[in-house]
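Working notes for the structure below.
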Amino acid sequence: MNRLIALFLLCIASAHAEEALKAGTFDPPRAAPDFTLSGSNGSDLKLSAYRGKVVLLGFGFTNCQAVCPITLGTLAQVQKKLGDEARDLQVVYITVDPERDDAAHLKTYLSHFNSSFVGGTGTDAQLAAVRKDYGIAAEKVAGPDGSYNHSSFIYLIDRAGRLRALMPFGHVADDYVHDVRILLAEQ
């Protein structure tokens, strides 16, 4: 009898482990700071407008030559792999380079990855406040290309607008799909 109970508990623990997020989790989850920026969709971009959807929130810039396009390419694969489930997922990408990344430029750039992606820009002060709220580091690098060193992880925000996890750069699309499906299943 004790063996049967132990086996049952092991099966429950194993099933629970399978449902664990692959990204680092916020425990407990906390409210994702809201913001209002100029959106690449021609409207004000407010994070709270996406309540009811899972949001993947990242920061970068359109002149990035390495990390940003890889990340956005991965997120485009996530959208594709999710198929119809992607209707309840929103990718939001905030620039760290407001000098070059106006709303129209962000729209053009993001559309190369997925037309549903929404970018955000604003004044230096607005963007600095959002980066501070999310703990994002961004520093312009001296040189002719005007590059930036910046944090390169993606926040996973649940349907209720809570920060649930943080996915570091380098994860494959399947890791995101796994985590997004868990968050989508929560009502």
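Here are a few things to note about the model shown:
- In the stretch 37-56, residue nearest to residue 158 (Cα to Cα) [restricted to those that are surrounded by 14 or more Cβ atoms within 10 Å (Cβ to Cβ) and without any contact (Cβ under 8 Å) to a residue 40 or more places away in the chain]: 49
- Conditions (1) closer than 19 Å to residue 97 by Cα; (2) aliphatic (A, V, I, L, M); (3) loosely packed, with under 14 Cβ neighbours inside 10 Å; (4) within 14 Å of the chain's Cα centre (by Cα): number failed by residue 172: (1)
- If the condition is being free of Cβ contacts under 8 Å to residues at least 60 places away in the same chain and in a loop (DSSP other than H, G, I, E, B), then the stretch 132-163 contributes 135, 137, 141, 142, 143, 144.
- Considered as a group, the residues in the stretch 133-150 that are modelled with pLDDT under 95 and among the charged types (D, E, K, R) include one that is surrounded by the most Cβ atoms within 10 Å (Cβ to Cβ), and that residue is 140.
- Residue match in the stretch 95-109 (condition: modelled with pLDDT of 95 or more, of a type outside the set (Lys, Arg), closer than 20 Å to residue 51 by Cα and under 18 Å from the mean Cα position of the chain (by Cα)): no
- Only one of 153, 117 that is of a type in the set (A, V, I, L, M, F, W, C), under 12 Å from the mean Cα position of the chain (by Cα) and modelled with pLDDT under 95: 153
- Residue identified as hydrophobic (A, V, I, L, M, F, W, C) and either modelled with pLDDT under 95 or farther than 22 Å from residue 129 by Cβ (or both) among 13, 31: 13
The values are calculated or read from the model by the stated rules, or taken from the named source; none is laboratory data. Just so it is clear, the model here is predicted, and its values are computed rather than measured. Backbone-built Cβ (ideal geometry, glycine too); neighbour counts: all protein chains shown.
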